[in-house]
Amino acid sequence: MQPESQVIGLKKQKLQKIIDLGINPFPNRSKRTHKINILRENQDEFVKQKQKVTICGRLDAMRRQGRIGFGNVSDDSGRIQIFVKKDVVGEENYEIFKLLDLGDFVQIEGECFVTQKGEYSVKAHKITILSKNLRPIPTVKEKIVDGKIKRWDEFSDIELRYRKRYLDLLLNPEIKKTFEIRAKIINEVRNYLDNKGFLEVDTPVLQTLYGGANARPFITHHNTLDTSFYLRIATELYLKRLIVAGIEKVYEMGKDFRNEGMDRTHNPEFTMMELYQAFADYFDMMDLTEDLIYEISKKISGSENIIYQEQEISFKKPWKRASMIDLILEETGFDASDFDYEKIKKFCKKNEIEIEPNAGAGKLIEELFEVFVEPKLFQPTFVIDYPKEVSPLAKTKPGNPNLVERFELFIAGNEFANAFTELNDPIDQRKRLEAQAKLRELGDLEANVVDEDFLEALEYGMPPTGGLGVGIDRLVMLFTNNTSIKEVILFPQMRPEI
RNA sequence: GGGCCUGUAACUCAGUGGUAGAGUAUCUGCCUUUUAAGCAGAGAGUCGAUGGUUCAAAUCCAUCCAGGCUCACCA
């Protein structure tokens, strides 16, 4: 009682009593004949036949009254009441029942019946302890009112929910649905791509050079080689090597790591799907993205619409496609199509947009887009044709040396996908990476580094290729109606506790 | 990093300068069809941490720690 340690002490005393009775509180084996949902599904028949069942689960409520008692047992399929009567289980077994704590795993051998108050229950003939609880589980009580679950003392502290996710899942069962949907989405992405003939691969997480995105990496050390390694920030450069290798359709789904700020939409490690398709371009990638997410919507929500934060999002094809320059013009009346640095800079200053020292016209245009357009893109929108300056791995748009064939997909004001017609000209690619390296020298810690092996691979020849990256965590947020990435990652990154 | 907010018992929360509270959980007793079981009683706290103001601090001030929202940053 007193502090938690005393409660734990009491539980350990009970444990000792159980041991003294010659009972193993942590037996190696259990024997279950029915899961709880099976009992529910066959209620009428089981009650009629007084069906003998053995259920296993966690004891999560107890109401004892003298020589009888009720409890609730949960497994992953449901929850059911147990009824324990001293006359039925016998003196010795009733003593064991009295030694049970909430949180214990138990095995109940008994028969199905209905209580006087009409509650479908298992009348215990024998109770077996499967695993003794030694730490008090926060108590959540619930009652169904008008078909809705009303809870008292809900386990709701956000920090605790994330730090002790096992308790969150145990005490807030609906959280599990988020992760079931997450698994479904990942399966659907995989099925979709496998069916289209994409080969799933694994490329290194530990890399001697990192690239494929603008981000600061995590650095680690290999003891035997006495070398620094980077945790990958993207899979791009390895997957393109596989396109060089003649694998025409390839994808990888896995964790990327970026050593950057954390907020509602960023976790240091996150799940990304990247795919590359030879003899394709960014238009093909748009079609694929559209179709993939449309199919996910049909699978997950059963329709081409979802409700996100009380607004309807429609995935009905085709989605809006608009160029970045046009969207800026629409929102602000400002025409940036000439890439006139002084003019654009003046407009940025007028609108109090911060100008980084090394930013050129392209970077400023992107800033304008982010400030004026991005938050307004609620329905799925492909924003196409990005400034070359901010896209070192994408191919130039024919007829406009300032632009590249690139798009990002925006839904509900957030970025969901990034894709381009991949740059396969090794000479141009070298120039672009060297320009990035210069930015690094000027202090841009997120700029790309020159990857000589990647450039060498391109020199062997890479076919025209379309590439696409999709943030899986954000997709899950969208389809589970969450606004924080921490809600869709089981164990989100938290500051260590002191 | 800035602004705003939060941190009190295992859980959910009251408590704005004067002896730390409630419900649930826990423990004891009663109770043979309960279900947020009930009734009676008991125990339970470094009031996030440190320093300061004061006769007196959970309460006021400062710093720090952790978290949330938001802005910035991170395309």
A:Phe83 vs. criteria near RNA strand B (Cβ under 8 Å from one of its atoms), open to solvent by less than 30 Å² (accessible area, probe 1.4 Å) and at pLDDT 95 or above: yes
Single match in A:Leu99, A:Leu130 (criterion: farther than 30 Å from A:Gly254 by Cβ and away from RNA strand B (no atom under 11 Å from the Cβ)): A:Leu130
Residue count, segment A:397-432 (criterion: under 19 Å from A:Arg216 (Cβ atoms) and at pLDDT 95 or above): 1
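Take the residues of segment A:111-149 that are in a loop (DSSP other than H, G, I, E, B) and of a type in the set (S, T, N, Q): which is nearest to the chain's Cα centre (by Cα)?
A:Thr139
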Matching option when the condition is among the small types (Gly, Ala, Ser) and without any contact (Cβ under 8 Å) to a residue 12 or more places away in the chain, among A:Gly471, A:Gly399, A:Gly413, A:Gly467: A:Gly399
Residue match in segment A:297-308 (condition: more than 20 Å from A:Glu422 (Cβ to Cβ) and within 16 Å of RNA strand B (Cβ to nearest atom)): yes
Helices (runs of 4 or more DSSP H) contained in segment A:425-498 and holding at least 3 residues within 16 Å of RNA strand B (Cβ to nearest atom) and surrounded by 17 or more Cβ atoms within 10 Å (Cβ to Cβ): A:426-441, A:472-479
Residues satisfying the stated conditions in segment A:376-424, i.e. away from RNA strand B (no atom under 12 Å from the Cβ) and among the polar types (S, T, N, Q): A:Gln379, A:Thr381, A:Thr396, A:Asn400, A:Asn402, A:Thr421, A:Asn424
A:Gly71 vs. criteria near RNA strand B (Cβ under 9 Å from one of its atoms), open to solvent by less than 20 Å² (accessible area, probe 1.4 Å) and out of contact with any Ser or Thr (no Cβ under 7 Å at 6 or more places or on another chain): yes
Residue pairs meeting the criteria (Cβ under 8 Å; at least 6 apart or on separate chains; first surrounded by fewer than 22 Cβ atoms within 10 Å (Cβ to Cβ), in segment A:359-373; second of a type in the set (Gly, Ala, Ser)): A:Ala361/A:Ala336; A:Glu367/A:Ala359
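The values are calculated or read from the model by the stated rules, or taken from the named source; none is laboratory data. Just so we're clear, the structure is a prediction, and the values are computed from it rather than from any experiment. All Cβ positions, glycine included, derive from the backbone under ideal geometry; neighbour counts span all protein chains shown. Keep in mind that these areas ignore ligands, DNA and RNA; they rest on the heavy atoms of the full protein, side chains included. Shrake-Rupley method; radii C 1.70, N 1.55, O 1.52, S 1.80 Å.
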